[in-house]
Amino acid sequence: AFFESPHLVATLTRLLGPEYRLHPHCRGHLRKRGAKTSMWHVDAYKGLPWCSGRLHEPHWCMVMYYPQDTTPEMGPTQLLPGTQFYRGDSDRAHYSRGHIPSFGEQLAGWATCVHTVTGPAGTVVVMHYDLWHRALA
């Protein structure tokens, strides 16, 4: 029912075209109270290597929905606006490729700032699939 909302359908149609499809990986990502902040990352395209080319046009979108009022203390998602245009390496040691600077150094050179996604119950966020993001603690 949520994905059939007229406003969401209109938004996704404008971004992706009238023949868009929902990916089968469509589920809630629930976080337990006290969970650690996750690493900054971009999601992988299923079936393709992590380093596959990224798309600057929105061929894929990610949709987030907050069913309850969401505050920073609840550990919501943080975004780095505009970072779908950047290639980078995650901030977790075992993700390092050995030749790329640490993620903190990369982030310092990017023209972006952290945006914490909060809002009242019913908040919907549609974002570029390649946007760097993480879950707060």
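Here are a few things to note about the model shown:
- Applying 0.36 nm per residue to the separation of Asp43 and Val126 and subtracting their alpha-carbon distance, the gain on full extension is 28.4 nm.
- Distance between modelled label sites at Trp60 and Glu4, nm, 7 Å Cα→Cβ extension: 2.6
- Close amide H contacts of Trp40 (hydrogens built in the peptide plane, cut-off under 5 Å, sequence separation of 5 or more or a different chain): Asp91.
- Leu22-Asp69 FRET efficiency (beta carbon distance; Förster radius 30 Å; 0.05 resolution): 0.70
Only the coordinates and a few stated rules stand behind these numbers; no lab work does. Please read all numbers here as calculations on a predicted model, not as lab measurements. Cβ sites come from the backbone with ideal geometry, for glycine too, and all protein chains shown count toward neighbours.
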